[in-house]
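S.K.: Before I ask anything, let me first share the structure, which is written out below as structure tokens.
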Amino acid sequence: EINPRIFLNKTFILTSANRTVTEVQFRKNEMKKQIIERGGSVVEDINQVPLDAEAYLISDTHYRTHKYLAA
């Protein structure tokens, strides 16, 4: 059974490429919904992460973007 508050006190940054064809669909909105429903928070930028937060980057691949490299 999944802990209903498994992401409590955790912050996530989600990033993905705008690709039309991939092996696995990366659905940011669905992932964001799942994180929030389980007590986590989602921010758009590394600068929005509280200093004392446990933060994670979730990405569909590696990048050379500011968001990816800063995380």
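The values are calculated or read from the model by the stated rules, or taken from the named source; none is laboratory data. The model shown is predicted, which means the values in this text are computed figures rather than measured ones. Here the Cβ is made from the backbone with ideal geometry for all residues, glycine too, and neighbour counts use every protein chain on show. Areas reflect the complete protein model, heavy atoms only, side chains present, ligands, DNA and RNA absent. Shrake-Rupley method; radii C 1.70, N 1.55, O 1.52, S 1.80 Å.
S.K.: Does the stretch 29-45 contain any residue that is open to solvent by less than 50 Å² (accessible area, probe 1.4 Å), at positive phi and modelled with pLDDT of 90 or more?
M.R.: yes
S.K.: Still on this structure: Could you check the stretch 1-16 and list, in sequence order, the residues that are among the basic types (Lys, Arg) and touching a strand residue (DSSP E or B) at 6+ places or on another chain (Cβ under 9 Å)?
M.R.: Scanning the stretch 1-16 gives a single hit, Lys10.
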